[in-house]
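What follows is calculated from the coordinates using simple rules that are stated; it is not laboratory data. Keep in mind that what you see is a predicted model, and the values were worked out from it rather than measured. Positions of Cβ are generated from backbone atoms using ideal geometry, with glycine treated the same way; all protein chains shown enter the neighbour counts.
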Amino acid sequence: MNINDEKLRNDLGWNATLQRELDDIVDRRETTQIVGRVSRLDRGWSTVMMSARGDTMRTRNIGADVAVGDWVLISPDGERVERVLHRRSALTRRVSSDVVKAELHTVAANIDVVFLVQSAGSPSNQRRLERELVLAFDSGAQPVIVVTSAS
């Protein structure tokens, strides 16, 4: 399937790399693929943007490692996310669990900039800012520190 909606390509971040990956996948299948970008996650459900006009589809994401910002292939019947396309960046954190310490959870994918907001009205926590900067740099996105005005 080719993404024909010019607004979808320009406004939502579709690019030539994603198109090549999609062309390789579609060449191996006989069915038409539905492509969209995840805008929201709700306990096993993804809201997927289908166009820049705001058209969305809700579909199951059980068994798929899906994050907000991912480009996904949806099954022809629209029931589930079949595949997540390659991520160019991913903001991740460790899973909050007493049992599993090394497992990562993707918070957002395919992001360009991470804003780290600090208040000028109170003393900054330098250790927290350092941790946030490491997460931002590791994501592949550009970190920007924003200091709010004093009250």
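Suppose a student asked you for the relative contact order of region 105-151, using Cα pairs under 8 Å spaced at least 6 residues apart; what percent would you report? Contact order relative to length: 55 percent. Modelled label positions at L41 and D65, each set 7 Å beyond Cα in the direction of Cβ, lie 1.1 nm from each other.
Taken along the Cα-to-beta-carbon direction at a fixed 7 Å, the label points for A52 and E130 span 4.3 nm.
Taking amide H positions as modeled 1.01 Å from N, with prolines and chain starts lacking one, the residues under 5 Å from A108 and 5 or more places away or on another chain are L91.
Applying the Karplus relation 6.51 cos²θ - 1.76 cosθ + 1.60 with θ = phi - 60° to region 71-88 yields 3J(HN,Hα) values of 8, 10, 9, 9, 4, x, 7, x, 7, 8, 6, 8, 7, 9, 6, 3, 8, 8 Hz, where x marks Gly and Pro. Amide hydrogen proximity for V114: with H placed 1.01 Å from N in the peptide plane, the residues at 5 or more positions away or on another chain lying under 5 Å are Q142, V144.
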